[in-house]
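A short write-up of the structure that comes next.
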Amino acid sequence: MNSVPGGQNGGEHLDWPVLLEAAEAAARATRGRGRVADYIPALATADPEAFGMAVATVDGELYGVGDWERPFSVQSVSKLFSLALAVAYGGDSLWRGVGREPSGNPFNSLVQLETEHGIPRNPFINAGALVVTDRLQTMTGDASGTVREFLRRESGNAGLDTDPVVAASEAEHGHRNAALAHFIASHGNLENPVETVLEHYYAHCALTTSCRDLVLAGSFLARYGVRADGTRLMSRSEAKRINAVLLTCGTYDAAGEFAFRVGLPGKSGVGGGILAILPGRAAVCAWGPRLDQAGNSVAAVTALDTLTTLSGCSVF
Ligand code: GLU
C-alpha cells in the first residue's frame, strides 16, 4: 500500500488515519491561540480546547479523530448547504440576486451593500446568505427545514436539529443581520418578509452538527454533485461552481490566506468548524472553537494545512 504522508498528490492511496493523527497533533499545538466567538452570547459557552476532525471519502470510508462526533454550532458552514440546495432547486436564477466575487470586507459589513444597490457580493457573506435563504424559502416554503432535512438524510443523524437557545441568542443580538435584510429588501431583492428570512437564516445557522455529520453531508461536492446513494443533487458544472465560490469566498476575508495555506475549497463558521472539499477524493471537516482575527478556527486551519501539506493533495 503506497501510503501518504510522502506522496505528492494524484491517485495514490492516502493513509487517512495517519494524516488525521498528524493534523490533530498540529492543531492541539495551537492551544490557547485565538478567541471563542461571543458576539452571539450562546456561542461563548463552547469548550475552547475541543478539537475534532473527520474525513468521508468518495468511496464511502469514514475516519475521525478527537472530538469528531461532538456537536457544535454549524453557523456559517450551513451557508454551503443553503447555497447548494438553492442551486439544486433553482439553478442559475439565484445569481441574479447575489454575486460571486470575494468581498474584501467583514462578513457582516453593511458598507458594500449600499454602493452595490442591495446585491450582495457573494453568497457567503451574511447579506448574500440572507438572499440565498430568501430564495430557498420561495422554492421550498421552509428554507431552514430543507437544510435540516438534507443534513439529517445525508448524515444519517435523525436527531440533528436547531439549538433553540443559539437561535434565540442570534435573534436577540441580530441587529446587524436585521439591518442587512431590511436594506436588501429596500432594494427589492427579497421575495419574502424580512422576519421570515431572518427566522430561517438563524434557524439554519443554529443547527447543531458534528464533524462526522458535516463530512457525510458535504461529500456530494467531492463526488461532483452526486450524493452517497448515487443520486445526483446537482450537475457537475454546478458543483464546480460551488467549489469555486467556496475557494474564493468561503473563509471570510481570509480566503486568500486559506487558499495559500490549505489549497482547498472550504466554508468556515464562527462555531469553529471548517468543511473543506478535496474534489474527487473526500470531504474533510475540522473543528476547534478558538477563532483568529478573520473568524476562522485557528486549530481547524492548522489541521487542514497540515493535512494538505503532508499528503501533497490540494486543488493545486
Ligand atoms: N449566524 C451568524 C451570524 O449571522 C453566522 C456567522 C458566521 O458563522 O459567519 O452572525
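The values are calculated or read from the model by the stated rules, or taken from the named source; none is laboratory data. What you are looking at is a predicted structure, and each value in this text was computed from that prediction instead of being measured. So basically every Cβ, Gly included, is an ideal-geometry build from the backbone, and we count neighbours across all protein chains shown.
Taking every residue in segment 157-168 that is in a loop (DSSP other than H, G, I, E, B) and pairing it with any residue that is of a type in the set (Asp, Glu), at least 6 positions away or on another chain, the pairs with Cβ-Cβ distances below 7 Å are 157/213; 160/213.
For residues that are of a type in the set (A, V, I, L, M) and within 11 Å of the ligand (Cβ to nearest atom), scanning just segment 246-282, find the one that is surrounded by the fewest Cβ atoms within 10 Å (Cβ to Cβ). Filtering segment 246-282 for residues that are of a type in the set (A, V, I, L, M) and within 11 Å of the ligand (Cβ to nearest atom), the one surrounded by the fewest Cβ atoms within 10 Å (Cβ to Cβ) comes out as 270. I'd like to know if segment 231-241 contains one or more residues that are within 13 Å of the chain's Cα centre (by Cα) and either within 16 Å of the ligand (Cβ to nearest atom) or part of a loop (DSSP other than H, G, I, E, B) (or both). Scanning segment 231-241, I find no residue that is within 13 Å of the chain's Cα centre (by Cα) and either within 16 Å of the ligand (Cβ to nearest atom) or part of a loop (DSSP other than H, G, I, E, B) (or both), so the answer is no. Scanning segment 198-211 turns up at least one residue that is in contact (Cβ under 8 Å) with a residue 40 or more places away in the chain, within 16 Å of the ligand (Cβ to nearest atom) and in a loop (DSSP other than H, G, I, E, B).
Among residues of segment 235-258 that are at pLDDT 95 or above, those with a beta-carbon under 7 Å from a residue that is among the hydroxyl-bearing types (Ser, Thr, Tyr) and surrounded by fewer than 22 Cβ atoms within 10 Å (Cβ to Cβ) at least six positions away or on a different chain give the pairs 236/224; 239/224; 255/248.
Of the helices (runs of 4 or more DSSP H) lying entirely inside segment 27-141, those containing at least 1 residues that are out of contact with any helix residue (DSSP H, G or I) (no Cβ under 6 Å at 6 or more places or on another chain), of a type in the set (A, V, I, L, M, F, W, C) and surrounded by fewer than 17 Cβ atoms within 10 Å (Cβ to Cβ) are 111-115. Note on segment 59-87: among residues that are aromatic (Phe, Trp, Tyr) and more than 16 Å from the ligand (Cβ to nearest atom), the one that is farthest from the chain's Cα centre (by Cα) is 63. Within segment 32-57, the set of residues being of a type in the set (Val, Ile, Thr) and either over 13 Å from residue 292 (Cβ atoms) or away from the ligand (no atom under 13 Å from the Cβ) (or both) comprises 40, 45, 55, 57.
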